[in-house]
């Protein structure tokens, strides 16, 4: 019984495209219509996200139709110049494309109807079924305007629905209308397409729009200085504007740095608990080891990012929704443009200090391809929180506690210098890329400054949900795969080398004279040396010797690829300290380590600084690589990034090592 | 009365003018899509603290553009 109607639904699947200007409330309407039944894919051949979602529409007679909505990228026209416009153009204009809609809903900002109708009339002229939505009717009322929709509908030849997507007003009327037969408009506004001179066509189109709107819009009362205008005076003020922006950055940064630390701690302890339970209760087989140290570790490496991603996107969604992000671009554009960046690059760069993963995902708000690419490419140079444990361990190793330089604590000074170096390197790399990256797309800053509005919390929720899901599904796969590979590399060695080590430590004489902890620790150390990762560390030794690194550091460089802070844990294993939480004992072990050739301390100032520079510049983060792959939809960009950052790290370390040697 | 032609970039905050023509074709198409058509009134609403970009009121909404883009738009002020 229950299955029969569902089969009917499949037959009656309607495809509905939603088109409209950016800031027209298009995505809000899409969210209201589809709820959580959304998915994200790619439009064929391009890196533009395709948001689609489904919804059941009820007909007048009570029967139900299944509808699939496609949220087209926001555009101002159908002249295919930018990538976004091209996608919208292809879906609407190219016959036989798989996404070709049965009905197109054109969403317009009713308080700004003249400009909105530019796109709307272009879509109507395609002679496809169109429903025109006049959104933001609340703003129309605020402006003291009335719109004669009946007259406008007759003139345009398409049905019109007025609504306020934020308050879900009028959505039911739209849903009902979509179940009815919508016929294409028989009106043609531009009779002769002037392909030779698009400028002339634009002028003609606006002339026609003006005559279409004549008598349709009435304004009662005079327009007073708007709230947006007053707020702009403060938020783009030459002093207050920057102070407020700095304050907002401070809040965002503190949140993703400190607040996220709590849930991240819970996730970490949950996974530690699980793996401890696993090692106690599961049989000691290779499969259990794979499950615990490979899969579970990889999974925790994915889930650990969720709090930071959720928090950053909560903020970004609020900043976008309120219209503040456009003002950030406005006041920062000139400064950032010098480095080939965009005013909107500031947020990703600053967020990169906490973590490059959510930061790179947030570059989506940068419309210009070149500026977005440069931002993605340089953001990992910002010193992220995973580098902090490495810096802390190394500074404490090479600088005695309490040593000062003038009035300043030298350890603190070095730490600050590392952050500064990352920032300068990011700007420098951006400046260089400005000249290298070529694009046919001209860099425009012609954009709408939307009026300020209160954030819509449901939109914030959808954004968080969407970003977390995309990260887990797309980047998560790569992260787990690399985790398993790294686990295998460090837990298996060639031939019977591991068995020999185990046999050695089973020797009765040896067991008698050492505690279980000592045995475990030195066995782990020897196993790591004998593992494939150990061999890899030794193999790269000639390449890293000029930087002052030996094979032990080489192993740490290899395993750090999982995440930079793994450096500390690997060092602990190599120096057979065991307890990774105890940095004190790792430091002691490392500080007594002797250089095999000179017989002096291995971790000199030169080696320590060189290693810190290496960690500051090198792309040792599989999660970032996975996210760059996901955001650029190609392996080319992460590969270039890996190579250029690696080169920068090698040269930087080489220079620093030779200066301080 | 003689019309005086300026570029949009030369105007100060609060000043308004009527759009006359454009000097760069590609930019002009983009600007016209956004409602900056000849004959339309345009008012300088705001200038970013570093002098660039600028925000203008046109066709009933606020548009921001760089000085370099504004300098391709010729406007006449009614003297």
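The values are calculated or read from the model by the stated rules, or taken from the named source; none is laboratory data. Remember, it's a predicted structure, so these values are computed and weren't measured experimentally. Counting neighbours? That spans all protein chains shown, and the Cβs are built from the backbone with ideal geometry, glycine included.
A few comments on the model shown:
- Counting only residues that are within 7 Å of chain A (Cβ to nearest Cβ) and over 13 Å from residue A:330 (Cβ atoms), the range B:54-76 holds 4 of them.
- Selection status of residue B:33, out of contact with any helix residue (DSSP H, G or I) (no Cβ under 9 Å at 6 or more places or on another chain) and at the interface with chain A (Cβ under 7 Å from one of its Cβ atoms): no
- Counting only helices (runs of 4 or more DSSP H) that sit wholly inside the range A:555-661, those with at least 1 residues that are under 20 Å from residue A:357 (Cβ atoms) and modelled with pLDDT of 80 or more are A:566-574, A:605-617, A:622-632, A:636-660.
- Between A:246, A:235, A:213, the distinction of being at pLDDT 85 or above, within 14 Å of chain B (Cβ to nearest Cβ), farther than 30 Å from residue A:58 by Cα and out of contact with any helix residue (DSSP H, G or I) (no Cβ under 9 Å at 6 or more places or on another chain) belongs to A:246 only.
- Single residue of A:416, A:433 found to be surrounded by 14 or more Cβ atoms within 10 Å (Cβ to Cβ) and either touching a residue at least 12 places away in the same chain (Cβ under 8 Å) or not assigned by TED's automatic domain parsing to the domain that holds residue A:111 (or both): A:433
- Within the set A:219, A:149, the sole residue that is away from every other protein chain (no Cβ under 14 Å), surrounded by fewer than 19 Cβ atoms within 10 Å (Cβ to Cβ) and either within 26 Å of residue A:450 (Cα to Cα) or more than 30 Å from the chain's Cα centre (by Cα) (or both) turns out to be A:149.
- Subset of the range A:93-108 (residues that are under 21 Å from residue A:165 (Cβ atoms) and surrounded by fewer than 24 Cβ atoms within 10 Å (Cβ to Cβ)): A:101, A:103
- Going through (1) at pLDDT 85 or above; (2) closer than 17 Å to residue A:637 by Cβ one by one, residue A:368 falls short only on (1).
- Tally of residues being at pLDDT 85 or above and touching a helix residue (DSSP H, G or I) at 6+ places or on another chain (Cβ under 8 Å) across the range A:397-422: 4
- Only one entry in B:14, B:51 is more than 9 Å from every other protein chain (Cβ to nearest Cβ) and under 19 Å from residue A:238 (Cβ atoms), namely B:14.
- Selection from the range A:56-83 of residues that are touching a residue at least 60 places away in the same chain (Cβ under 8 Å) and farther than 23 Å from residue A:200 by Cα: A:57, A:58, A:59, A:60, A:65, A:67, A:83
- Listing of helices (runs of 4 or more DSSP H) fully contained in the range A:252-337 that carry 1 or more residues being touching a helix residue (DSSP H, G or I) at 6+ places or on another chain (Cβ under 6 Å), touching a residue at least 60 places away in the same chain (Cβ under 8 Å) and more than 30 Å from residue A:454 (Cβ to Cβ): A:297-303
- Yes/no for residue A:347 being more than 14 Å from chain B (Cβ to nearest Cβ), farther than 19 Å from residue A:244 by Cβ and surrounded by 22 or more Cβ atoms within 10 Å (Cβ to Cβ): no
- For residue B:39, the requirement of being within 11 Å of chain A (Cβ to nearest Cβ), surrounded by fewer than 19 Cβ atoms within 10 Å (Cβ to Cβ) and touching a helix residue (DSSP H, G or I) at 6+ places or on another chain (Cβ under 6 Å) is not met.
- Only one of the listed residues (B:14, B:51) is farther than 22 Å from residue A:203 by Cβ and touching a residue at least 24 places away in the same chain (Cβ under 8 Å). That residue is B:14.
- Members of the range A:252-282 that are exposed (fewer than 12 other Cβ atoms within 10 Å of the Cβ), at pLDDT below 85 and farther than 18 Å from residue A:355 by Cβ: none
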